[in-house]
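Inspection log for the structure reproduced underneath, given as structure tokens.
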Amino acid sequence: MSDTLKNRRVAILATDGVEQVELIEPKKALEEAGAKVEVISPKDGKIKGWDHTDWGKAIPVDVNLKSANPESYDALLLPGGVMNPDHLRMQPSAVQFVRSFFKSGKPVGAICHGPWLLVEADVVRGRKLTSWPSLQTDIRNAGGDWTDQEVVTDQGLVTSRKPADIPAFVKKIIEEIAEGKHAPQHVYASINRREKKPGRSSLPGFFFSDSNQSGRSSRPLYSGSAAAQVHDQAH
């Protein structure tokens with residue numbers, strides 16, 4: 001174990017369906033670098049990991065999201081899996097938890113489908129990032145500059161595409177956490193709030209008028225076993 005991240009605390013936000021390798025491997029690496037890492041979830045007890053094509057390990061939850069204070073952590077990690085971020089982005093408390101790290105300028109890492117939460121939190125506008133390829137339209141619709149690279153860093157935000165990118169992802173997120181807060185994180189969040197136009201929902205690709213709703217939602221039209229099947233194909 002090294003002291004690179006000694007006295008640093010990292011939150012991992014996840015729920016059922018999280019791609020377990022994208023949680024377990026980064027958590028292990030962060031702990032080996034000296035960080036204290038806690039799994040935050042809307043669920044108590046344990047969450048169910050997803051192992052590429054089927055359900056995997058039961059992962060212990062350290063802190064319920066209701067009790068989690070973002071100010072207690074130095075960085076945030078958002079693992080992927082299809083079901084995991086899709087469930088979380090429908091929970092306002094999870095979205096606010098993510099947004100708070102950008103407001104305070106703290107490092108954030110998101111891999112694979114994890115950036116869906118960044119889109120929901122409206123923090124990708126003006127940023128360069130990557131993700132699982134199927135998210136690129138959502139990210140671009142939300143004002144982000146999507147690119148197909150192993151790992152992308154933009155002022156404290158670290159993103160990667162898939163489990164194969166984990167070594168590069170982990171190396172870069174450790175560097176960013178060691179550096180500490182990034183002032184531009186707060187600037188981007190402020191710009192997002194100012195640029196948000198009346199009549200536009202927080203969901204990319206979905207627009208509201210005063211009297212009715214019309215447009216196209218970026219949310220996938222699947223859940224439960226159907227989401228599992230999509231993830232099977234993706235991985």
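The values are calculated or read from the model by the stated rules, or taken from the named source; none is laboratory data. Bear in mind the structure is a predicted one, so any value in this text is a computation, not a measurement. Cβ sites come from the backbone with ideal geometry, for glycine too, and all protein chains shown count toward neighbours. Heavy atoms of the whole protein, side chains included, go into the accessibility calculation; ligands, DNA and RNA do not. Shrake-Rupley method; radii C 1.70, N 1.55, O 1.52, S 1.80 Å.
Here are a few things to note about the model shown:
- Taken together, Leu65, Leu23, Leu76, Leu30 contain a single residue that is in contact with a Phe, Trp or Tyr (Cβ under 7 Å, 6 or more places away or on another chain), more than 19 Å from Leu129 (Cβ to Cβ) and in contact (Cβ under 8 Å) with a residue 12 or more places away in the chain, which is Leu65.
- Residues that are of a type in the set (Phe, Trp, Tyr) and surrounded by fewer than 24 Cβ atoms within 10 Å (Cβ to Cβ), drawn from the range 90-108: Phe97
- Restricted to the range 23-127, the set of helices (runs of 4 or more DSSP H) holding at least 3 residues that are closer than 20 Å to Asp154 by Cβ and at pLDDT below 95 is empty.
- Residues located in the range 79-91, provided they are without any contact (Cβ under 8 Å) to a residue 60 or more places away in the chain and touching a Pro at 6+ places or on another chain (Cβ under 7 Å): Gln91
- A single entry from Lys36, Lys57, Lys46 fulfils the requirement of being free of Cβ contacts under 8 Å to residues at least 60 places away in the same chain, surrounded by fewer than 24 Cβ atoms within 10 Å (Cβ to Cβ), in contact with a strand residue (DSSP E or B) (Cβ under 8 Å, 6 or more places away or on another chain) and under 22 Å from His182 (Cα atoms): Lys36.
- Tally, over the range 62-89, of residues that are among the basic types (Lys, Arg) and open to solvent by 20 Å² or more (accessible area, probe 1.4 Å): 1
- The number of residues in the range 3-28 being under 18 Å from Ile166 (Cβ atoms) and open to solvent by 10 Å² or more (accessible area, probe 1.4 Å) comes to 7.
- Leading residue by the ranking (farthest from Met83 (Cα to Cα)) among those in the range 1-22 that are of a type in the set (Gly, Ala, Ser) and modelled with pLDDT of 95 or more: Ala11
- Out of Lys181, Lys171, one residue alone is within 21 Å of Lys106 (Cβ to Cβ), open to solvent by 30 Å² or more (accessible area, probe 1.4 Å), at pLDDT 95 or above and not in a strand (DSSP E or B). It is Lys171.
- Tabulated pairs, the range 137-151, first at positive phi, second open to solvent by 30 Å² or more (accessible area, probe 1.4 Å) and not charged (D, E, K, R), C-beta under 7 angstrom, 6+ apart or interchain: Gly143/Gly126
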